[in-house]
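Enquirer: Mind looking over this structure? Questions follow.
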Amino acid sequence: MSHNSFGHLFRFTTWGESHGPSIGCVVDGTPPRIELKEEDIQFWLDRRRPGQSKFTSPRQELDQVRILSGVIEEDGKQLTTGTPISLVIENQDQRSKDYSDIKDKFRPGHADFTYQSKYGIRDVRGGGRQSARETAMRVAAGAIARKVLPNIKIEGALIQLGKHKINKENWDSSFISQNPFWSPDSSTVSIWENYIEELINDGDSCGAIIEVRVKNVPVGLGAPIYGKLDSDISNAIMSINAVKGVEIGNGFAAAAIRGSENSDEMFIDDKSPSFKSNNSGGILGGISSGQDIVVRFAIKPTSSIRSNQKTIDKDGKETEISTKGRHDPCVGMRAVPVGEAMVACVIADHFLRNRAQNG
């Protein structure tokens, strides 16, 4: 299986399976002499790990990261050397037996059927490489990407859970980390709690929409045609498990309004170019405009559910399946730090590419 690497100048490769002994990644292209400690990475991993609330998978993984290479101590500081940074996390709470009774069945909505059809073999223990467990290493790579971008702020939030949306006028960045849903709107929490509990009782799941905002982006990141910043961001987001749609700025809503409404008029503010709106989401012609980059993506409902569903098995026989084990009723809740990480990796990659071309 190829295609386990992402990026150009800032590049990472992930490895490992959901129920294997460990997972890890190798991050290449990090500039030398950047301060980097395990704690810098652990902070972001702790935001993603399961078992932190009754609304997510109860799997207990501490996700303790270890740096194996690419960092040395100098004058009391841990500094990157510019060589590949290797990271590892030991898996601690695997329950592979949860999948023993469905090992010959294809879970609807999962990649079981396509993996088996393509490779002739698949890891039934939690899905192996198709599991969202792999995204822990994306978050680790994203933590390093943020160190490359010390002045850029990346903030993600859940803006819709199932059919229930936030009121964007209530957006409070300080509230996002204070609730298990990553909601920026305190008025939604009780509604979302009741909805998730209903889904858990029904053995069902729901989807979500996440918004990521990037502030303090310099003008000029990205390149025309095949190096567009928004194209690479979309590619990064679509590579996350369960993502089915991505939009930048106004996105699909732009199709319903006039050009006079959608274009971002410009003016001079204190001798500097400025914009009256940000319908473009901070990217024009594939190049950052200096405005906030705004990305939204849609997560489908979790496919592993207790409700009985019709399916087929490896022998081509029709059957039924109910997926037991420990699964999120909405994977969107833990996808917020993953979305942030993938955007961070793209911005870091383009930052380094831009510096290489333009000095």
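Enquirer: Of all residues being touching a residue at least 60 places away in the same chain (Cβ under 8 Å) and not in a helix (DSSP H, G or I) in segment 122-140, which is farthest from PHE43 (Cα to Cα)? Just the residue, please.
Expert: As a first pass, look at segment 122-140 and keep what is touching a residue at least 60 places away in the same chain (Cβ under 8 Å): 123, 125-140.
This time we only want the ones that are not in a helix (DSSP H, G or I), so: 123, 125-127, 131.
Details: ASP123: 30, ARG125: 28, GLY126: 26, GLY127: 27, SER131: 22 Å.
Among them, the one singled out is ASP123.
Enquirer: While we're looking at this one, here's another question. Kindly indicate which of LYS105, LYS153 is of a type in the set (D, E, K, R), within 18 Å of the chain's Cα centre (by Cα) and over 24 Å from TRP15 (Cβ atoms). Can you show your working first?
Expert: On the way: LYS105 fails: within 18 Å of the chain's Cα centre (by Cα).
On inspection, the qualifying residue turns out to be LYS153.
Enquirer: Please tell me if ILE196 is touching a residue at least 60 places away in the same chain (Cβ under 8 Å) and either under 23 Å from THR302 (Cα atoms) or part of a helix (DSSP H, G or I) (or both).
Expert: Values: touching a residue at least 60 places away in the same chain (Cβ under 8 Å): yes; either under 23 Å from THR302 (Cα atoms) or part of a helix (DSSP H, G or I) (or both): yes.
Yes; evaluated as a whole, the condition is true for this residue.
This table checks each residue for (1) open to solvent by less than 20 Å² (accessible area, probe 1.4 Å); (2) closer than 29 Å to SER274 by Cβ.
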site: TRP192; (1), (2): yes, no
site: GLU198; (1), (2): no, no
site: ALA208; (1), (2): yes, no
site: ILE233; (1), (2): yes, yes
site: ILE240; (1), (2): yes, no
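Enquirer: Restricting attention to segment 1-25, report how many residues are surrounded by 20 or more Cβ atoms within 10 Å (Cβ to Cβ) and in a strand (DSSP E or B). Talk me through it step by step, then tell me what you get.
Expert: First, pick out the residues of segment 1-25 that are surrounded by 20 or more Cβ atoms within 10 Å (Cβ to Cβ): 6-7, 10, 12, 14, 16-19, 23, 25.
Right, trim to in a strand (DSSP E or B) and you get 6-7, 12, 14, 16, 23, 25.
Count: 7.
Enquirer: Taking segment 247-275 only, how many residues are of a type in the set (Lys, Arg) and at pLDDT below 95? I'd like the intermediate steps shown before the answer.
Expert: So in segment 247-275, the residues of a type in the set (Lys, Arg) come out as 258, 271.
In the following step, the residues that additionally are at pLDDT below 95 were identified as 271.
Qualifying residue count for the region: 1.
Enquirer: When only residues in segment 100-115 that are open to solvent by less than 60 Å² (accessible area, probe 1.4 Å) and at negative phi count, which is modelled with the lowest pLDDT?
Expert: Here is the first cut: in segment 100-115, the residues open to solvent by less than 60 Å² (accessible area, probe 1.4 Å) are 102, 105-109, 111-112, 115.
Going one step further and asking which of them are at negative phi, we end up with 102, 105-108, 111-112, 115.
Numbers: ILE102: 77, LYS105: 90, PHE106: 90, ARG107: 88, PRO108: 89, ALA111: 89, ASP112: 89, TYR115: 88.
So the residue we want is ILE102.
Enquirer: For segment 34-54, which residues satisfy the criterion of being over 20 Å from ILE347 (Cβ atoms), at pLDDT 95 or above and open to solvent by 50 Å² or more (accessible area, probe 1.4 Å)?
Expert: To start, the set of residues in segment 34-54 that are over 20 Å from ILE347 (Cβ atoms) comprises 37-39, 42, 46, 49-54.
Subset that is at pLDDT 95 or above: 37-39, 42.
Once the filter is applied, which keeps residues that are over 20 Å from ILE347 (Cβ atoms), at pLDDT 95 or above and open to solvent by 50 Å² or more (accessible area, probe 1.4 Å), segment 34-54 yields LYS37, GLU38, GLU39.
Enquirer: Of LEU68, LEU79, which residue is open to solvent by less than 50 Å² (accessible area, probe 1.4 Å) and either modelled with pLDDT of 95 or more or in a helix (DSSP H, G or I) (or both)? Let's see the steps before the verdict.
Expert: Working: LEU68 fails: open to solvent by less than 50 Å² (accessible area, probe 1.4 Å).
Answer to the selection: LEU79.
Enquirer: From ILE159, ILE176, ILE154, which residue is in contact with a strand residue (DSSP E or B) (Cβ under 7 Å, 6 or more places away or on another chain), crowded, with 17+ Cβ neighbours inside 10 Å, assigned to a helix (DSSP H, G or I) and modelled with pLDDT of 95 or more? Working first, answer last.
Expert: Values: ILE159 fails: assigned to a helix (DSSP H, G or I); ILE154 fails: assigned to a helix (DSSP H, G or I).
Exactly one of ILE159, ILE176, ILE154 is in contact with a strand residue (DSSP E or B) (Cβ under 7 Å, 6 or more places away or on another chain), crowded, with 17+ Cβ neighbours inside 10 Å, assigned to a helix (DSSP H, G or I) and modelled with pLDDT of 95 or more, namely ILE176.
Enquirer: Is it the case that segment 258-266 has a residue that's within 22 Å of LEU161 (Cβ to Cβ) and small (Gly, Ala, Ser)?
Expert: No; the residues of segment 258-266 include none that is within 22 Å of LEU161 (Cβ to Cβ) and small (Gly, Ala, Ser).
Enquirer: Which one of PRO184, PRO218 is open to solvent by less than 10 Å² (accessible area, probe 1.4 Å), in a loop (DSSP other than H, G, I, E, B) and modelled with pLDDT of 95 or more?
Expert: Numbers: PRO218 fails: open to solvent by less than 10 Å² (accessible area, probe 1.4 Å).
On inspection, the qualifying residue turns out to be PRO184.
The values are calculated or read from the model by the stated rules, or taken from the named source; none is laboratory data. As the structure is a prediction and not an experimental result, all values here were calculated from the model. Here the Cβ is made from the backbone with ideal geometry for all residues, glycine too, and neighbour counts use every protein chain on show. Ligands, DNA and RNA are stripped out before the accessible areas are found, and what is left, the full protein with its side chains, is counted by its heavy atoms. Shrake-Rupley method; radii C 1.70, N 1.55, O 1.52, S 1.80 Å.
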